[in-house]
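One structure is given here, and the rest of the page talks about it.
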Amino acid sequence: MQPRDPWQAMARPGYVLSAWPWRSAGYLLTGAVTGAVVLVGLAVSVAAGGVLTVVLVGLPLLFGTALAGLPVARLERWRLR
């Protein structure tokens with residue numbers, strides 16, 4: 001019989017040795033690392049684009065920054081599989 005909720009699953013013997021809690025911890029850890037990398041990349045891109053907008057070179061950079069969510073979304077959908 002399958003557990004109906006996470007609390008019942010955790011109460012089963014051997015839960016800690018199964019793959020589920022370790023996969024969940026790995027997903028959370030890689031999500032934090034991925035989020036930090038994306039945050040730094042976006043901050044640098046926005047700062048550089050803002051500074052370079054004066055000479056019109058920063059406009060395409062800012063436009064690219066606006067579209068940066070598309071590959072990040074693809075990565076997150078892949079990670080959720």
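Quick note on the stretch 38-81: its Rg to Rh ratio, both from C-alpha atoms and Rh being the Kirkwood radius, is 1.13.
Judged by the mean number of other Cβ atoms found within 10 Å, the most tightly packed of the peptides 55-68, 8-21 leads the ranking 55-68, 8-21. Report summary: the helix-based calculation at 222 nm, which adds -39500 (n - 2.57) for every DSSP H run with n ≥ 4 and divides by the residues of the chain, gives -24500 deg cm²/dmol. Going by neighbour counts of Cβ atoms within 10 Å, the residues Ser45, Ser24 line up, fewest first, as Ser24, Ser45.
For the chain, the fraction of C-alpha pairs more than 15 angstrom apart is 69%.
Ranking Tyr27, Ala73, Gly49 by how far each Cα lies toward the positive end of the dipole of the chain (charges on Cβ) leaves Tyr27 at the top. Pairwise Cα separations in the stretch 12-54 fall into 10 Å bins from 0 onward with the following percentages, short to long: 25, 26, 20, 15, 9, 5, 0. Computed from point charges on the beta carbon alone (+1 for Lys and Arg, -1 for Asp and Glu), the dipole magnitude for the chain about its Cα centre is near 340 Debye. Remark: relative contact order (the chain) = 16 percent; criterion is Cα-Cα distance under 8 angstrom and separation of 6 or more residues. Mean separation of Cα pairs under 8 Å and 6 or more residues apart, divided by the residue count, gives the stretch 38-81 a relative contact order of 30 percent.
Every read-out reported here was derived from the displayed coordinates using simple, explicitly stated rules and does not represent laboratory data. All figures in this text were calculated on a predicted structure; none of them were measured in a lab. When we count neighbours, we look across all protein chains shown, and the Cβ atoms used for this are built from the backbone with ideal geometry, even at glycine.
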